[in-house]
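Engineer: Shown below is the structure under consideration.
The values are calculated or read from the model by the stated rules, or taken from the named source; none is laboratory data. None of the values given here were measured: they were computed from a predicted structure. Heads up, the Cβs are rebuilt from the backbone with ideal geometry, glycines too, and the neighbour counts pull from every protein chain shown.
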Amino acid sequence: MSRIAKVAKDTKWNETITSKTAKDTKYKKTTMSYAMRVLKETKERNPAQLEFHQALTEILPTLEPYLIEHRECEEAGILERLVEPERQLIFRVPWIDDKGAVRVNRGYRVQYNSAIGPYKGGFRFHPSVTLDTIKFLGFEQTFKNSLTGLPIGGGKGGSDFDPKGKSDREVMAFCQSFVNEIYRHIGADTDVPAGDIGVGAREIGYIYGQYKRLTGLVDGTLTGKSISYGGSLVRKEATGYGLAYFTEQMLTSLKTNFKGKKVLISGSGNVAIYAAEKVCQLGAKVLTVSDSNGYILDPAGVDLQTVKLIKEQQRGRISEYIKHRKGAKYFDKGSVWQVPCDIALPCATQNELNIEDAKELIKNKCLTVSEGSNMSTTLEAVHLLQKHNILYAPGKASNAGGVAVSALEMAQNSSRNYWTFEEVDKKLKIIMQNIYMHVSETAARYGTKKNDFVAGANIGGFIKVSEAMLQQGVT
Ligand code: NDP
């Protein structure tokens, strides 16, 4: 165990340190460590934001070894400022459906942290979206964006609007109304949104079109654009491909690779499809994909052309897959994690892999779990996987390829230039390899468990942001 990690372990929970409270500005003694105190206070200040609490609980305690080494962070109130978004916008989004009825949704943009660059993070359109969801995603995004090594701050936005089952005209009406408010707050050098769940090429097109109409600007304010109007090659594939590149590094550390491995993938959206594509190119077989209604198991290997047809063109349900492929089965109960596998890639949504799923993966001798979705795994499932020495990569590291290529799209837009598919793919691969090295080296230095990629990613992302905040004064 490293010296620092040992100090951190010994002093965790019961260290008596001098700290400044938010209530009075006098220094006083507390028996709680800095990170634990900020965790407690932030949960109390944000009651009922359970996903945000989960992200805080996953991140803040792991920063302790670094905070003990860097007392200046506490003196400058870095954590207190880091957990509080710089700005939170909530707005009404009225629109008219195909029957002529007035509908109202709620829009959000949380501009979390701009210490190292303009706010950057996607819009999510899904009925489950609340301020809680957007805050947890924005907080995580701040660390993820820092890990990419590129100059991008953290933000996230979205709406409780559900694009599923809506006509193209309805989606356009909603997107235009959404932009009528948000256009004032975004910009190529201030806040650069992209897609996420429910926001793909169609939605980005409508959002960009209305943004351009209102501002008169043709610029890089949005990423994930189509190639015909300023998008980057590989952006569509980036999160999934990046996940495969990151997982390849994990497998190399176990002295193996993708060849012949059985892979489980959840979801059948953007991240799932392109993660599947790349792991197949690397020699693996994908056995499953899913959507919010159920999952399919194809023992011969999932046929991606069929999944693309159903999901990208027909906007259908994954249950339709079995009409195209003999031997495949559809299940509307249970989860993909029950299927024996070597590698698990959750690519649907948060908390989709729980403790029971983790037990199944352990029983089936799974080697690695790498998150394509954000916060895919519940906290107790993470702890169990780590306890059983299953290599676990948190999304902020393993799914950072999407935002990394978004930053490359920004660079191409600023320079009025285009790079080839091969150029961008090569850059993506190098970025993912660098993130892996940074995370694993930071884990070795500060982690309290073997291969603690959670600590490695959290501290690895925190260092650059906290240094920038320290240098910029109390802002
Ligand atoms: P998509 O909307 O393209 O696909 C989402 C997939 O997950 C769909 O198959 C969807 O099924 C399923 N899903 C969504 N919500 C649920 C739910 N509550 N329960 C079960 N299944 C669900 O989104 P993306 O592929 O873009 O995003 C997937 C994940 O990856 C998200 O966590 C996102 O934050 C994360 N991510 C995405 C990035 C990107 O570049 N797109 C970048 C980094 C992270 P259904 O169609 O039935 O809703």
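Engineer: Can you find, within the range 301-321, the residue that is farthest from the ligand (Cβ to nearest atom) among those that are part of a loop (DSSP other than H, G, I, E, B) and of a type outside the set (S, T, N, Q)? First the steps, then the outcome.
Structural biologist: So in the range 301-321, the residues part of a loop (DSSP other than H, G, I, E, B) come out as 301-303, 314-317.
If we keep only those that are of a type outside the set (S, T, N, Q) too, we end up with 301-303, 315-317.
On the way: Gly301: 19, Val302: 13, Asp303: 16, Arg315: 9, Gly316: 9, Arg317: 7 Å.
Result: Gly301.
Engineer: Something else about it: Do we have Ser266 as within 11 Å of the ligand (Cβ to nearest atom), touching a residue at least 12 places away in the same chain (Cβ under 8 Å) and among the polar types (S, T, N, Q) here?
Structural biologist: Details: within 11 Å of the ligand (Cβ to nearest atom): yes; touching a residue at least 12 places away in the same chain (Cβ under 8 Å): yes; among the polar types (S, T, N, Q): yes.
Here the answer is yes, as Ser266 does meet what is asked.
Engineer: Every residue in the range 260-277 that is of a type in the set (Ser, Thr, Tyr) and farther than 21 Å from Phe331 by Cα, please.
Structural biologist: Step one: list which residues in the range 260-277 are of a type in the set (Ser, Thr, Tyr), which gives 266, 268, 274.
Across the range 260-277, the qualifying residue is only Tyr274.
Engineer: If we scan the range 439-459, do we find a residue that is more than 21 Å from Ile59 (Cβ to Cβ), within 16 Å of the ligand (Cβ to nearest atom) and under 19 Å from the mean Cα position of the chain (by Cα)? Don't jump to the end; show me each part of the working.
Structural biologist: Start the filter on the range 439-459 by keeping residues that are more than 21 Å from Ile59 (Cβ to Cβ), which leaves none.
Scanning the range 439-459, I find no residue that is more than 21 Å from Ile59 (Cβ to Cβ), within 16 Å of the ligand (Cβ to nearest atom) and under 19 Å from the mean Cα position of the chain (by Cα), so the answer is no.
Engineer: Within the range 376-396, identify whether any single residue is more than 23 Å from Lys278 (Cα to Cα) and among the small types (Gly, Ala, Ser), and answer yes or no. Outline the logic, then answer.
Structural biologist: Residues of the range 376-396 more than 23 Å from Lys278 (Cα to Cα): 378-389.
Retained after the next criterion (residues that are among the small types (Gly, Ala, Ser)): 381.
Yes, some residue in the range 376-396 is more than 23 Å from Lys278 (Cα to Cα) and among the small types (Gly, Ala, Ser).
Engineer: Is it true that some residue in the range 282-300 is outside any strand (DSSP E or B), at pLDDT 95 or above and among the β-branched types (Val, Ile, Thr)?
Structural biologist: Our first condition is that a residue be outside any strand (DSSP E or B); within the range 282-300, this holds for 282-284, 292-293, 298-300.
Narrowing the set further to residues that are at pLDDT 95 or above leaves 282-284, 292-293, 298-300.
Next, only the ones that are among the β-branched types (Val, Ile, Thr) stay: none.
No, every residue in the range 282-300 fails to be outside any strand (DSSP E or B), at pLDDT 95 or above and among the β-branched types (Val, Ile, Thr).
Engineer: Mind telling me which of the residues Glu181, Glu203, Glu170 ends up being closer than 22 Å to Val271 by Cα and not in a strand (DSSP E or B)?
Structural biologist: Details: Glu181 fails: closer than 22 Å to Val271 by Cα; Glu170 fails: closer than 22 Å to Val271 by Cα.
Matching residue, one of Glu181, Glu203, Glu170: Glu203.
Engineer: Then there's this: When Leu282 is evaluated against the numbered criteria (1) closer than 16 Å to Ala393 by Cα; (2) away from the ligand (no atom under 13 Å from the Cβ), which criterion, by number, is the only one it fails?
Structural biologist: Exception for Leu282: condition (1).
Engineer: Given the conditions (1) buried (at least 16 other Cβ atoms within 10 Å of the Cβ); (2) in a loop (DSSP other than H, G, I, E, B), report the number of the one that Glu51 does not fulfil.
Structural biologist: The single condition Glu51 does not satisfy is (2).
Engineer: Right, here's the next one. Out of all the residues in the range 62-79, which are part of a helix (DSSP H, G or I) and crowded, with 17+ Cβ neighbours inside 10 Å? Outline the logic, then answer.
Structural biologist: As a first pass, look at the range 62-79 and keep what is part of a helix (DSSP H, G or I): 62-69, 72-75, 78-79.
Residues satisfying the conditions are Thr62, Leu63, Glu64, Pro65, Tyr66, Leu67, Ile68, Cys73, Glu74, Ile78, Leu79.
Engineer: Can you confirm whether the range 90-108 contains a residue that is farther than 20 Å from Thr475 by Cα, within 16 Å of the ligand (Cβ to nearest atom), part of a strand (DSSP E or B) and touching a residue at least 24 places away in the same chain (Cβ under 8 Å)? Give the steps one after another, and end with the answer.
Structural biologist: Let us first name the residues in the range 90-108 that are farther than 20 Å from Thr475 by Cα, namely 90-108.
So of that shortlist, the ones also within 16 Å of the ligand (Cβ to nearest atom) come out as 108.
From what's left, part of a strand (DSSP E or B): 108.
Remaining after also requiring touching a residue at least 24 places away in the same chain (Cβ under 8 Å): 108.
Yes: one or more hits.
Engineer: Let me confirm something: among Gly224, Gly231, Gly220, which residue is part of a loop (DSSP other than H, G, I, E, B) and within 12 Å of the ligand (Cβ to nearest atom)? Explain how you work it out, then say what you get.
Structural biologist: Numbers: Gly231 fails: within 12 Å of the ligand (Cβ to nearest atom); Gly220 fails: within 12 Å of the ligand (Cβ to nearest atom).
Answer to the check: Gly224.
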